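Please treat every number below as a calculation from the coordinates, not as lab data. What you see is a predicted model, and the numbers here were worked out from it, not measured in a lab. Positions of Cβ are generated from backbone atoms using ideal geometry, with glycine treated the same way; all protein chains shown enter the neighbour counts.
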Amino acid sequence: MKTKLILLLAVLLSSPFAYADKPLISVAVGEARVKKSIIAFPPVKATSDPQGAIRQARDVCIEDLAFSGLFDFLDPAAFLEDQNKAGVTPGSFKTSDWSSIGAEFVLKGQGKATASGVEMDMYLYQAASGRQVFAKKYQAGFDAVRKVGHTLANDILFALTGKKGPFTSKIAFVSDRTGKKELYVMDYDGHNPLKLTANHSLTMSPAWAPNGRKIVFSSVTKNRKNVRNHNLYAYDLNTGKVDLLSNKQGINSGAVYSPDGDKLAVTMSFPGNAEIFLLDPASKVAQRLTNAYGMDVDPSWSPDGKQLAFVSDRPGRPMIYKMGADGSNVTRLTFAGQYNATPSWSPAGNKIAFAGWDEGHFDIFIMNPDGSGLERLTKGMGNNEDPDFAPDGYFLIYSSNRMGKKNLYITNVDNTVHRRITTNFGNCESPRWGPAN
Amino acid sequence: MYQLAEGKQANEERRYLGFSLIAHTTLLVVLSIGGVIFPAKPLEFKSTVQVDLVALPDQTKVANQVIDPTVPVKEIAPEPDAAEPDEPEDAPEPLKKEVAKAKPAKDAAKEAKSALDKLKAEIEKERKAKNQTLADKKKQAAKEFEERYRTALKGNQTNQGSSTDGVMETVTNAYVAHIAERIRSNWSLPTWLRQGGYRAKVIIYIDSRGQIYKHLFTQRSGNENFDDYVLSTLKKSSPLAPPPAELAKDLQRGGMELLFPL
């Protein structure tokens, strides 16, 4: 009996419970410093690439990710790895070759060019741990090589940040490069511009349908009575067909699709004063939303479709207002400046951008949807107008004449990115960022 | 009969002994298991700072002055008393009269010694009194200085304070501060991760050479990339300074918990 008790005590005292160690001290490390992620992207191993298409796709991807302001790429001169011997698949190379030179992520790939296009297998690894973050196969014709690069950039951005990138989106804009203002679309980075209209007239205020299949715009064209009028049209990007949506007397302009794509908010002046209406594009029936002595123009939907930001000169100077989608609860948002115009509500819902006249120029500003938190994004660089948010709500496009002619520029809400995207393309204005695709 | 009673008593003793052993064993088990099920929260290291919160800063010019801690504070000494100039301690006034009226050898020497001692005692007394006055004045001035600035700056100043109890010894504090500083200097995140509001807790085990030889996530962030950046920070920070002997055993066995970020 005694022996049994002693044994029991010995077992209990030697059990892991009795000696379970706990940390002596707890230390809060605090908030981290912010930096860009460092990516190493060695050339994609290509068994055949006579036209350099695979190399081009890689270059496009690097350009996109660097443009995002979130990533830096290691100089290839620093690479230690023997790329003739090392593989690209998991376990076929030493990740320490990359972590030791400061890379946080390694993007590797292999591919080939065939008669019909390119094929690429891409892998993203965490350099320190060797963990595979992402792997995907890409196939495209030679005419879509840039799109492969943009898609890869979007995929990497999504894999790391969980956010959809804007790199495959398109921009609609107006240019006078032919002598007349016509409607164009191009890639977000200024490549592949495509002219959509040949009205030989004054085209303005394009806006994308939420599904990206149509663009509404206004153009000064002759009515049946041979009277020139600002009429509203919709361009179908699949068919190239143009539909007349409204030719009421006076202005039919500044139209924007509601987030569900069912309605258009549009400025019409047939009552004698520019007011905002809701237009059903199918039935062409218009419902008046504003009714003020001053003009009400430039509507922009909140992403939930419940509110509209717009410009009104009812206080004597054009200022930014917002109202409910039924015209109720009109609230003034800006009080500063002489002339505030072209509001654009962020797809993220947290900001409204607009152009404000200050010190003899228009500049781009952003603010919270209640008018607070006003921030300036441009200063001392000519006139900067017509801001419009990218689908991610982070980037904005706008037009500026800082170099003489009007060109299109991209910035971000942090004001850390500035990039010109049009060159030698006449005067470019009214840019509208298309939906992510 | 007597043997029967003795046997009964022995049985009862064994019963009580058995009961006592079972009770103690149960208590031991409860305490051991309880410690595992309800682990004590580890001490959280924070520099103790004592802030005077007696009142909000006064609306006075002095209160709004910023005191530069690097500039040495000039001590305010009392004005020297013009009526009583300091005299050199080792230079008593020469005793001209006594020397002039010198007497025969023995008596004269005796008297002279006695007079000298008397004078010395008087001078010493006077000196002590002067020193006391000086010390009192100094003390008073320091008090006035202290009161003046304390009053003007209340609520505006902090001091390092001291350990709140005896657990955190100076050595521990210094070593923990070193580790915190070292980890912080290597702790960085890309913008896209910092905005995510992720949090992780890791216990690091440090050997006698300062190497982080083991780590254990007690709370993962839910984002693999964030956790990778935490590990990368630990890797960059190792080796740390070798722990002091007082801590070495504990850090090797129990480790230290790091909270990223808080």
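For the reader, a short list of remarks on this structure follows.
- Sorted ascending by nearby beta carbons within 10 Å, beginning with the fewest, A:Thr47, A:Thr151 become A:Thr47, A:Thr151.
- If the chain linking B:Ala115 and B:Arg15 were pulled fully straight, counting 0.36 nm for each residue of separation and taking away their Cα-Cα distance, it would gain 26.7 nm.
- Net dipole in debye of segment A:169-218 [+1 Lys, Arg Cβ; -1 Asp, Glu Cβ; about Cα centre; nearest 20]: 160 debye
- Around A:Phe425: net Lys/Arg minus Asp/Glu count, Cβ-Cβ under 10 Å: +2
- On the basis of the beta-carbon distance and an R0 of 41 Å, B:Val171 and B:Arg127 show a calculated FRET efficiency of 0.35.
- Of A:Asn412, A:Thr334, A:Pro391, farthest towards positive along the dipole that unit charges on Lys, Arg, Asp, Glu beta carbons give segment A:299-437: A:Asn412
- Base-10 log of normalised Debye intensity for segment B:169-232 (one unit scatterer per alpha-carbon) at q = 0.14, 0.16, 0.27 Å⁻¹: -0.49, -0.63, -1.27
- Springs between Cα atoms under 10 Å define the GNM used for chain A, and in it the highest mean-square fluctuation of A:Gly165, A:Gly404, A:Gly324 occurs at A:Gly404.
- Note on segment A:283-437: Rg/Rh from Cα positions, Kirkwood definition for Rh, rounded to two decimals, is 0.97.
- Result for chain A in a Gaussian network model with C-alpha springs under 10 Å: among A:Lys180, A:Lys241, A:Lys164, the largest mean-square fluctuation is at A:Lys241.
- Separation in nanometres of the label points that stand 7 Å from Cα toward Cβ, at A:Asn238 and A:Val34: 4.2 nm
- Descending semi-axes in whole angstrom, ellipsoid equivalent of segment A:121-174, from the Cα gyration tensor: 25, 15, 6
- Shielding by partners - mean other protein chain Cβ count within 10 Å, residues of B:203-209: 1
- Separation of the B:Asp207 and A:Ala115 label points, Cα + 7 Å toward Cβ, nm: 6.3 nm
- Legend: mean number of C-beta atoms from other chains within 10 angstrom of residue C-beta atoms, peptide B:9-22, equals 1.
- Inter-chain Cβ neighbour count for A:45-57, averaged per residue, equals 0 (cutoff 10 Å, partner chain atoms only).
- For chain A, convex hull volume per residue from C-alpha positions, Å³: 252 Å³
- When only the Cβ of Lys, Arg, Asp and Glu is charged (+1, +1, -1, -1), the dipole of chain A relative to its Cα centre reaches about 540 debye.
- Check: segment A:17-96 dipole with +1 on Lys, Arg Cβ and -1 on Asp, Glu Cβ, in debye: 200 debye
- What the Cβ-Cβ distance of A:Asn273 and A:Asn211 gives, at R0 = 41 Å and to the nearest 0.05, is a FRET efficiency of 0.80.
- Value of Rg to Rh for segment A:132-214 (Rh from inverse mean 1/r over Cα pairs, i.e. Kirkwood): 1.09
- Estimated FRET transfer efficiency when R0 is 25 angstrom, pair A:Lys180-A:Glu63 (beta carbons, to 0.05): 0.20
- Largest mean-square fluctuation among A:Leu70, A:Leu157, A:Leu279, in a Gaussian network model of chain A whose springs join Cα atoms under 10 Å apart, belongs to A:Leu70.
- Each label was represented as a point 7 Å from its Cα along the Cα-to-Cβ direction; for A:Glu359 and A:Val227 these points are 4.6 nm apart.
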